[in-house]
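Reviewing the structure listed below.
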Amino acid sequence: MKVVAVSAALAAVLLALPVAAKDTVRIVFIGPLTGGVSANGIGARNSADLAVRVRNADPKAKYTYELQVLDDECKPNIGVQVATKAATDKTIIAGVTHYCSAVAMAAVDVYRKFSLPVVVWGAVLPDVTYAADIKEVHRVNGTMINQNETAARFMAGLKYKRWAVIHDTTDYGKGHNRYFSEQLAKVGGEIVGTFGVTAEQQDFSAELTKIKSLKPEVIYFGGLTPLGVRIRSQMDKLGVKAVFEGTSGIVSDAYIEGLGPLAEGTLAFREGAPTEKLPGGRMFIEQYDKQKYADPPESYGPFAYAAAVLVMDAIEKVGPDRRKVRAELNKTRDHESIVGPITFDDHRQNAVPLITKFVVQDGKWVVWEDSLYATGKRSLPKP
């Protein structure tokens with residue numbers, strides 16, 4: 001009886017003791033939360049936030065994670081400012097950063113200078129990872145090279161032969177123009193005219209009037225949603241009859257909302273599978289819906305989620321030390337994630353060989369193979 005009494009007393013003492021709190025580790029999310037592509041940034045922010053919430057609910061986690069959120073506005077100068085703010089804050093151990101390629105390009109030297117390891121979740125310009133050997137910069141999503149190879153081959157396979165190209169004059173738009181032009185030449189397509197426009201341009205009557213006279217079968221657009229909406233709507237007003245083919249930069253609900261019925265039949269190409277078809281896609285959608293976020297995750301949300309998980313996994317393994325986390329991220333091989341296995345090459349670029357073809361059908365982005373267009377029940381303008 002005496003032993004039982006002592007044990008009971010000891011148990012009471014232990015239960016009364018405070019449970020040791022976990023150390024808090026801060027990571028940063030950076031993306032466009034205001035401006036024309038804010039839908040993509042907000043969806044990705046929510047997705048990174050979801051990853052943090054899931055990890056903090058895991059009793060096996062060594063740390064409690066806090067997500068600092070910064071808005072780069074999809075502007076390079078603002079991107080440098082917020083990247084510097086994060087990188088000089090020594091309490092921030094790593095980052096999940098950037099949708100806009102021009103912003104990512106402007107910020108990479110900041111991360112190198114201050115040794116802040118980051119994982120890019122949306123920017124697709126190859127130079128983000130390949131232009132320089134910056135060991136702090138990693139990327140989980142693919143690049144525009146594979147997008148444009150698929151775009152050129154697919155459209156040539158539909159027997160289209162004549163293109164006009166409109167691209168914005170940022171690094172993003174110029175990159176898409178370069179890689180699409182190279183890939184189209186390989187499949188025998190002809191570009192009848194190329195037009196660079198600024199991201200802020202409002203009136204395209206001069207460019208579209210010239211394009212109309214050139215009689216292309218397809219207009220290839222290299223740019224982001226707001227510009228794409230303006231160009232596509234003005235095509236209709238000027239009577240330009242051509243297929244509108246875009247990049248991953250318009251795969252957004254905001255593109256359809258901005259155009260309404262005029263979005264119908266738009267084509268676009270994006271790396272990775274649709275969210276519901278990703279290895280962890282259904283789990284991601286269910287968990288996202290449970291949190292009741294006001295906005296959808298958008299097309300790059302799963303990549304932001306995967307990037308945040310990858311960062312936290314590295315911290316769990318080596319501790320909240322920037323240099324150790326960078327080294328751990330650098331050697332990532334076959335890391336299981338909701339977007340599939342992540343393996344970084346010698347420039348810390350994940351290989352994402354799968355490119356998905358999308359078409360707007362009845363107010364939604366639909367995988368081409370699942371669409372009425374693929375079955376012939378609905379038709380694009382004929383070549």
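Residues are listed down the side, and each one gets a yes or a no for (1) open to solvent by 10 Å² or more (accessible area, probe 1.4 Å); (2) over 20 Å from S299 (Cα atoms):
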residue: A86; (1), (2): no, yes
residue: I93; (1), (2): yes, yes
residue: C100; (1), (2): no, no
residue: V108; (1), (2): yes, yes
residue: R112; (1), (2): yes, yes
residue: G122; (1), (2): no, no
residue: M144; (1), (2): no, no
**Message:** Being open to solvent by 50 Å² or more (accessible area, probe 1.4 Å) and outside the structural domain of R26 (by TED's automatic domain parsing) is the requirement here; does K382 meet it?
**Reply:** yes
**Asked** In the set K90, K85, which member is in a helix (DSSP H, G or I), of a type outside the set (G, A, S) and over 15 Å from R45 (Cβ atoms)?
**Response** K85
**Request:** Return a yes/no flag: does the range 175-191 have any residue that is free of Cβ contacts under 8 Å to residues at least 40 places away in the same chain, touching a helix residue (DSSP H, G or I) at 6+ places or on another chain (Cβ under 8 Å), open to solvent by 20 Å² or more (accessible area, probe 1.4 Å) and on the phi > 0 side of the Ramachandran plot.
**Result:** yes
**Request:** Identify all residues within the range 220-238 that are open to solvent by less than 40 Å² (accessible area, probe 1.4 Å) and in contact with a Leu (Cβ under 9 Å, 6 or more places away or on another chain); write none if there are none.
**Result:** Y220, F221, G228, V229, I231, R232, S233, Q234, M235
**Asked** Is at least one residue of the range 69-80 open to solvent by less than 10 Å² (accessible area, probe 1.4 Å), within 24 Å of D168 (Cα to Cα) and outside the structural domain of D171 (by TED's automatic domain parsing)?
**Response** yes
**Fill in**
L262 vs (1) surrounded by fewer than 24 Cβ atoms within 10 Å (Cβ to Cβ); (2) in the same structural domain as E66 (by TED's automatic domain parsing): all pass except (2)
**Message:** Taking the conditions exactly as written (crowded, with 22+ Cβ neighbours inside 10 Å, acidic (D, E) and not assigned by TED's automatic domain parsing to the domain that holds V118), does E257 satisfy them or not?
**Reply:** no
**Complete:** Note on the range 255-280: residues at pLDDT 95 or above and assigned to a helix (DSSP H, G or I) are Y255, I256, E257, G258, L259, G260, P261, L262, A263
**Item:** Filter pass, D168 being open to solvent by less than 40 Å² (accessible area, probe 1.4 Å) and either assigned by TED's automatic domain parsing to the domain that holds V124 or acidic (D, E) (or both)
**Value:** yes
**Message:** Condition first: assigned to a helix (DSSP H, G or I), in contact with a helix residue (DSSP H, G or I) (Cβ under 7 Å, 6 or more places away or on another chain) and aliphatic (A, V, I, L, M). Can you find one or more residues in the range 323-342 that meet it?
**Reply:** yes
**Complete:** (1) farther than 21 Å from P274 by Cβ; (2) out of contact with any helix residue (DSSP H, G or I) (no Cβ under 8 Å at 6 or more places or on another chain) all hold for G142 apart from (1)
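The values are calculated or read from the model by the stated rules, or taken from the named source; none is laboratory data. Values in this document were obtained by computation on a predicted structure and should not be read as measured data. Cβ sites come from the backbone with ideal geometry, for glycine too, and all protein chains shown count toward neighbours. Note: areas computed on protein heavy atoms with side chains; ligands, DNA, RNA excluded. Shrake-Rupley method; radii C 1.70, N 1.55, O 1.52, S 1.80 Å.
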